[in-house]
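I have placed the structure first, in the form of structure tokens, so that the comments after it can refer back to it.
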Amino acid sequence: MSSSSQNFVSRSVIKKVFAKHQKEGDGAVVRRGISRSEQKLLDPFLMLDEFSVSPPAGFPDHPHRGFETVTYVLEGGITHQDFKGHKGTIYAGDVQWMTAGRGIIHSEMPEEEVNKGLQLWINLSSNEKMIEPNYQELSHSVIPKGEENGVEVKIIAGESMGIQSPVYTRTPTMFLDFTLDPGAQFHQNVPESWNAFAYVLESGESGAVFGSSSSSPVSAHNVVVFGPGNDGVSVWNKSSSKKLRFVLIAGEPIGEPVVQYGPFVMNTQAEIDMTIEDYHYGKNGFEMAKFWRSQ
Ligand code: FJE
Ligand code: FE
């Protein structure tokens, strides 16, 4: 039913956010699409950055606790090293789904001249914030792809066109990378209780139309926040010459208080204070904090 236009009532666009440039890490600049102001509307999502970074800039040794980071490389490569000896490089089309849990200290550094991608932060529920860290690394070759009627979708998490991603999402999440040919349209089902947004990566003039066929087009580098609805999301590529590429991301809201201090996301200020202490003294998951440095 995902591609049938009959009786499909799309969620409508309730907010658009242009992802402004912002400094992050060491000499890196990111476009921040989701930040604190969207966290309530888009629970369980905490942050979305579109990065474009060239050496020597990057994201050297820094900690995380209490959530997951999903890094999706669009161009170039990102090498990751952590304080438990985990090391790897992901290239264009590859995904690293990292559960920081009780604690990770890592570096994320660019490999090539131009390195672009997305990093999404997904919150964990209170009973999973202190779990052991975990990685799911997905080569582009194992990310399933669907294709129909001028619509191509890479299924990073969740399901589309009847195809299921192999990723395990602790917080139930959908992460789809769509490319629509000029004139193509698509209807994607999204579970009713989930929050959903799109982020436009590439679009022709007046190309990206979401919600209803007559709504105003959205340009690249915008987050489109969808309101509630049963059926999901409709999209049209109204450009006559250019492809439309966007990611559609949705997740089951956790419904708990969020207290964020930079790369630490917990439920209360007391837990943040404890996290800063754990990081400082190297305990409760940060044991290697005092000794480890990336190479
Ligand atoms: C961070 C310091 C950091 N956006 N997009 C403090 F280095 C980071 C951080 C990143 C990041 C990394 C990649 Cl690969 C892509 C990013 C921020 O690593 F989030 C905070 N708070
Ligand atoms: Fe990080």
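The values are calculated or read from the model by the stated rules, or taken from the named source; none is laboratory data. As the structure is a prediction and not an experimental result, all values here were calculated from the model. A quick note on method: Cβ atoms are made from the backbone with ideal geometry, for glycine too, and the neighbour counts reach across all protein chains shown. These area figures cover heavy atoms from the full protein model, side chains too; ligands, DNA and RNA do not enter into them. Shrake-Rupley method; radii C 1.70, N 1.55, O 1.52, S 1.80 Å.
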Legend entry - Net charge of neighbours whose Cβ lies under 9 Å from the Cβ of Gly285, counting Lys and Arg as +1 and Asp and Glu as -1: 0
Legend entry - Computed FRET value (nearest 0.05) for Tyr261 with Ser54, which takes r as the C-beta separation and R₀ as 35 Å: 0.75
Legend entry - Cβ-defined net charge surrounding Lys23, 15 Å radius [Lys, Arg +1; Asp, Glu -1]: -1
Inset, instruction - Work out how much length Thr89 to His21 would gain on full extension: take 0.36 nm times their residue separation and subtract the Cα-Cα distance, in nm to one decimal. - result: 22.0 nm
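By the scheme Lys and Arg +1, Asp and Glu -1, what is the net charge of all other residues having a beta-carbon under 13 Å from that of Ser206?
Residues near Ser206 contribute +1 overall.
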Legend entry - Cα centroid separation - region 60-90 against region 200-223, whole Å: 30 Å
Inset, instruction - Quick one: angle between helix 269-281 and the longest Cα principal axis of the chain, in degrees between 0 and 90, rounded to 10, please. - result: 50 degrees
Inset, instruction - Using Cα centres only, tell me the gap between region 225-295 and region 96-159 in whole Å. - result: 11 Å
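First compute the accessible area of region 2-59 with a 1.4 Å probe, then give the percent of it belonging to carbon and sulfur atoms.
For region 2-59, the apolar C and S fraction of the accessible surface comes to 50 percent.
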Legend entry - Contour excess over end-to-end distance, with Cα ends at Arg36 and Met288 and 0.36 nm allotted per residue: 87.8 nm
Inset, instruction - Using a 1.4 Å probe and ignoring any ligands, DNA or RNA, find the accessible area of Tyr91 and quote it in Å² to the nearest 10. - result: 100 Å²
Legend entry - Two-decimal ratio, the chain, of alpha-carbon radius of gyration to 2.2 N^0.38 Å: 0.99
Legend entry - Sites Asn7 and Tyr168, calculated FRET efficiency, Cβ-Cβ separation with R0 41 Å, nearest 0.05: 0.80
Legend entry - Å² of accessible area per residue within the chain, as computed with a 1.4 Å probe and no ligands counted: 43 Å²
